[in-house]
Amino acid sequence: MGLLMAQRSASRLASTSSQRLFSTSSSSLSQLARPLLSAPLSSPSSSSNTDRKPNNLPSTSINNRLYSSAAARENAYDRETITRLLYSLASRKEVERYLRIFSAANKFAVIKVGGAILTHQLDELALSLSFLHRIGLYPIVLHGAGPQLNDLLEKEGVEPDYIDGIRITDAKTLKVARKTFLEENQKLVEKLESLGSRARPIPLGTFTADYLDKDKYGLVGKINRVDKEPIESAIRAGCLPILTSLAETQDGQILNVNADVAASELSKALEPLKIVYLNEKGGLYHGKTKELLEVINLDEEYDDLMKQEWVKFGTKLKLREMKELLDHLPRSSSVAIISVDQLQKELFTDSGAGTLIRRGYKLYKHDSIEQVGAERLRNVLRENDDEIREGRKSVAEFFSELSKQPYSIYGDEPFDCVAFVSRPEGEIPILTKLVTTRNGVLNSVNDNVWNQIRKDHKRLVWTSRADDENRAWHYERADGSFTRNGRSLFYYGVQDVSEVEAIVRNLEEKGRIERAYLPLKAAKPGVPNGTRAFSTMARPGLGQNTIHGRRTYATAVERSEPLPATTSEKKRVALIGARGYTGQALVGLLNSHPHLELSHVSSRELAGLPLEGYTKSEVRYSNIGVEDLRKLEQGEGPGAPPDAYIMALPNGVCKPFVEAVQQGGKNRKDGHGTIVDLSADYRFEQGWTYGLPEIYSRKAIRESKLISNPGCYATNTQALLAPLLERLDPAQMPTVFGVSGYSGAGTKAGPPGSKGGSGSNGGRAVTLPKISAQDLEGGIRPYSLTDHIHEREAGFHLSRILASKGLPPIKVAFIPTVAPWFQGIISTASIPLKEKMTAKEVKDLYQAWYGQEKLFTIGSNVPEIKDIALKHGVKMGGFQIHSEGKRVVIVSTIDNLLKGAATQCLQNLNIALGYDEHAGIPLD
C-alpha cells in the first residue's frame, strides 16, 4: 500500500445531517501539565542573544555559554516531557505526525480569543498556549474584549450602539476601548509569563486601516495592510505574539476593528495552517438536531447548507465569513471553532474537536485510466507510492495488472489522494493502492475517498506490510484482519472465518494477491517455523518474537493454570525509575521476595541517596542514563548485569532504555535480561508479550523476555468483561465507569519537607501527587471522556480472545474519574447480553473462570474501596441483572498501585524468571 495517513476519523467526515456530538475534554491534560508549566522557560533565541558578548570578556562569555547550554538542555527536556503528555490524547505516531507538520509550517496557527474567555477561562487559555510554546510552537494570538468593554461603558454611562452588528465608536467609546484592550492584553501576557512562557504584547502597530464609514460607524476601521514584522520579531525572540484588534490610520488615528474581522485579515496575510476561533460553545451546531457540526467541506456542502432553513442569522454570517476567508488561503489551511479545553485535541489528534471547516474538493470516480489522465496518475504514483518509488514495480506494470480486470479509480481534483479498486464480476473487490500527498493528509482527503469506496462496495479486501507505520489506519477501518509472513490482509463485510479462508485461497490462486496468507490455521506457541495464529484484530503488538532461535508468540490467548516453578536460584533486578508510587510499592514487594534482590535503583532526583524501605542490602539511588544501561547489560557497569529490568518510567520515555538493554545484551549467549515495562509504550507493540496472567497465556509470558505490564484501569476492565465475551450483544458496547484514587494521576518531585509527600526529609526531594485531595475539594473529576488509552487497550486485547474463537472484535466504552482517596479503583460495568441470563448464571460463570485464581475473589455483595486498598488482588461482586434479563451490572475493585501495577509486574517477573507466580506476593 502507498502512504496511508488520516487526519480526521471517519465519523468527522460524515454528512452534517448525521454528525455525532463529540464530548471529549482535554482539560485533564492541562491539569497534568500544570506542574511542568510553573518553572520559567528561557527560549533558545533569547539565550543565544545574551551570549553575544565582546571578545574581551572571556569569563563572562564562557559562563553565559555554559548557562545557555544548560538552559537549552532543560528546555529540550521540558519539550520532551510535555510532548509525552500529548500521548494521553492520541497515539505516539499521531502526535508526532502533527508536530512534524506544524513545526515545518512557516506560520503554524492564528488563534482568535473571545473576550469572554479572557474573563472566565484565562488560566486554562494560558496553560494551553504555554503548552504549545513549550513544545516549540508559536501560535499568533489575537483577542477581543467585547464583554469587558460593554461593562466599562455601562459604568461610564455610555449605552452600546450597533448598526449591522458593528459597534458605533465615538471618541469616548474609543478611549474606553483602548484602555480595555491594553489591560486585557497585558493580563494575558503576564499570565503566560507567570507560567514560564515568554510573550510579547502587540496592542498596536500590526494593522493599518481606513475608516469603514466615518459618518455611519464613527471610529471604526477597515484593515488595508498587515505589518508582519512585529509578529515575526516576537517569534524570532522566542516570544508568543499577543495582538489586539486595534488598528491605526496612516496619520496615527486609532480605530476599532471587530476581532473576528481582524483575525481574518491577519490570516490572509500570514496564510497559517490553522485558524482557530475559541469560544465558549465549542463549535457550530445544527439548528434542528442541536448536534455538533464536526466537519464542513465548503466546496461540497456550502451551497446546500446555505439553503437550509435553520441556517440563518449568526450561523449564516459565520459560514459566509469562513468561506470568504478560506477562498483566499491555500487549500491546506482550515478553520476550527472550538472551546479552550479542546485546543490540544484539535491540533494533535485525528479525531479533532469542535467544528472543522475546510474548502475540500469534489471527488471523482472513473472506470478507466484514460478518463482520469494517465500522465497525472503516473506522476502521483511516482512521487507518493513506496512500491513504485523504490523500483519494486513500474507504473506500466501496475497499469497492466490493473487493466486485466474491471476497476474503478477514486480521487479528488488536485490528485491529493488516488485509490484503485479492482472489481472482477462476481468476486470480492480489492483496494490495490491508496496514495495520499501531504495536502491530502492535512485535509483528510483520504478519508473522504475511503467513505466513497465504502458506499460503493459492501465487501472489500486490501493488504499492507505488517510493519506499515500507518497500520492503525487499516485496523480502524477493517472488520477483521490477519498477519502472516510479514504481510497483513484486511477486510470488511465478511464475518465467517471459513468464508475468509475461501476468499483468500481464491485470490491467491488467481494471482490477485501474493501467496503469503494461507493456511489460516492457528499454530501452537513454540513450534519452530510455525504459522501465526489467525486473528481478526492482528494489530501492531501482536507479532512474533524470536528468542534463542525459538519462535514465541506474544499474541497467545490460551489460558492455563499457574505454571510450576522451575528454579529457586537467586536473581538480581534493576529498577529503572523508582521515585514514583509504583516504584515504591515494588521496592516493598522485592524486599520480602524469597529469590529476587535489587541490584540497581535509578532515580535522577534521588541519585546518591540510600534507598528507603529495602533492608536486604544497602542500595543507593543512581542516575542511570541510556549509555550507562547499555554498559551495565554489556558487563561494563558497576556489578554484574541484572537478570531482569523493571522499567517504571512515564509513558513515552522507555524506548531508548529498552534499546540500550537489547543492544548491550545482543552478544550474550542467553540474550539480554528480561524486561517488564510498566508504561503504555509497548502494550500494542509487535514482539512484546502482554502480561495479564489470569486472562491470557502464562506460557507466552514464561517464554518471553519483553513483557508489557497492563494498565490499572485496563486490568480491571478486562477482568470484568473476559468471562462474558462470547455472550455479549454484538450490536451494543459494554460501558465501564471507573473511579480511581488520585495516586493514579502520577507523581512529581517536591522540595524537601513538602506536605503530603512520601519519603523522609534529610535534604531529599519528596514524592508528591500530581493531583491531590485538596485539588479535588472533596469531589470527583471525570477526565478523558472518550478514547482513554485504557479503553483502547482493553478492547484491543479482549478482541484477541474473540479472534481465537472466530468472533468479531469488541469495542469498550470507558469513562475514567479521579477521586479524593489515595489508592484503589472501583469500576462498574454495564454489559448488554445477546441472550437472557440470571444473576446466578452470571456469577457462576465468573466463579468458574476465576475460582482457582489466588488473587481473585468473587462475592455477592458490591465491593468497596476499603475492601481492596493495600490488597494485592481483585474483588468482584454485585452481579445484578436488569428486569429484562439482557443486561448485567458487575462491580470490580483493585488497588491501582498493586494489582494494577506493582503486584502484576511481580507476577509477570516471577513467571518469566521461572519462579512460582505468587512468590513474594501476600495472599490476603
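The values are calculated or read from the model by the stated rules, or taken from the named source; none is laboratory data. The structure displayed is predicted, hence computed values, not measured ones. Methodologically, a virtual Cβ is constructed for each residue, glycine included, from the backbone with ideal geometry; neighbour enumeration extends over all protein chains shown. Protein only, heavy atoms only, side chains kept; ligands, DNA and RNA dropped before computing areas. Shrake-Rupley method; radii C 1.70, N 1.55, O 1.52, S 1.80 Å.
Just one of (1) part of a loop (DSSP other than H, G, I, E, B); (2) touching a Gly at 6+ places or on another chain (Cβ under 7 Å); (3) surrounded by 21 or more Cβ atoms within 10 Å (Cβ to Cβ) fails for Glu694. It is (2). The requirement of being free of Cβ contacts under 8 Å to residues at least 24 places away in the same chain and under 30 Å from Arg572 (Cβ atoms) is fulfilled somewhere in the range 897-915, by at least one residue.
Looking across the range 875-895 at every residue that is open to solvent by less than 10 Å² (accessible area, probe 1.4 Å) and touching a Gly at 6+ places or on another chain (Cβ under 6 Å), the one that is nearest to Leu721 (Cα to Cα) is identified as Ile890. Restricted to the range 840-884, and to residues that are part of a loop (DSSP other than H, G, I, E, B) and basic (Lys, Arg), which residue is nearest to Thr903 (Cα to Cα)? Of everything passing the filter in the range 840-884, Lys871 is nearest to Thr903 (Cα to Cα).
The number of residues in the range 108-128 that are under 25 Å from Glu229 (Cα atoms) and open to solvent by 20 Å² or more (accessible area, probe 1.4 Å) comes to 1.
Conditions tested, residue by residue: (1) of a type outside the set (D, E, K, R); (2) surrounded by fewer than 21 Cβ atoms within 10 Å (Cβ to Cβ).
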residue: Glu777; (1), (2): no, yes
residue: Pro782; (1), (2): yes, yes
residue: Thr786; (1), (2): yes, yes
residue: Ile789; (1), (2): yes, no
residue: Ala794; (1), (2): yes, no
residue: Val812; (1), (2): yes, no
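The numbered conditions (1) in a loop (DSSP other than H, G, I, E, B); (2) surrounded by fewer than 16 Cβ atoms within 10 Å (Cβ to Cβ); (3) modelled with pLDDT of 70 or more are all true for Pro528 except (3). Hey, could you check the range 308-332 for residues that are touching a residue at least 60 places away in the same chain (Cβ under 8 Å) and farther than 23 Å from Ile117 by Cβ and say which is surrounded by the fewest Cβ atoms within 10 Å (Cβ to Cβ)? So the residue we want is Glu324. A Cβ distance below 7 Å, combined with a sequence gap of six or more or placement on separate chains, defines the contacts here; from the range 284-307, residues that are in a strand (DSSP E or B) reach residues that are open to solvent by less than 20 Å² (accessible area, probe 1.4 Å) and of a type in the set (Gly, Ala, Ser) in the pairs Leu292/Gly283; Asn297/Gly360.
All told, Tyr277 meets the bar of being assigned to a strand (DSSP E or B), among the hydroxyl-bearing types (Ser, Thr, Tyr) and at negative phi. Filtered by the rule that a residue be more than 23 Å from the chain's Cα centre (by Cα) and either among the aromatic types (Phe, Trp, Tyr) or outside any helix (DSSP H, G or I) (or both), the range 438-460 gives His457, Lys458, Arg459, Leu460. Counting only strands (runs of 3 or more DSSP E) wholly contained in the range 108-224, the ones carrying 1 or more residues that are closer than 25 Å to Ile275 by Cβ and touching a Cys at 6+ places or on another chain (Cβ under 8 Å) occupy 199-202.
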